[in-house]
Amino acid sequence: SPLNGACRSDSIIVELVNRPLWLRFAPHTLENIITKTGCRMFPTLEYKV
């Protein structure tokens, strides 16, 4: 599942660092905020490999 917070491939583990924040926003399907300079993703993607 995309929201389980981790992905494993033999010897590589990738974790979503700010998983709790993503889980709070997931029901609202928010992924971008509008700024003066354009759009940016929120929450930001932060990974731990």
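The values are calculated or read from the model by the stated rules, or taken from the named source; none is laboratory data. Everything quoted here is computed from the prediction, not taken from an experiment. For neighbour counting, all protein chains shown are included, and Cβ atoms are generated from backbone atoms with ideal geometry for every residue, glycine included.
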Working only within the stretch 23-32, note down all residues that are modelled with pLDDT under 80 and surrounded by 11 or more Cβ atoms within 10 Å (Cβ to Cβ). Phe25, Ala26, Leu30, Glu31
Phe42 fails exactly one of the following numbered conditions: (1) at pLDDT below 75; (2) surrounded by fewer than 10 Cβ atoms within 10 Å (Cβ to Cβ); (3) not charged (D, E, K, R). What is the number of that condition? (2)
Verdict on Ile13 being part of a strand (DSSP E or B), at pLDDT below 70 and of a type outside the set (Lys, Arg): no
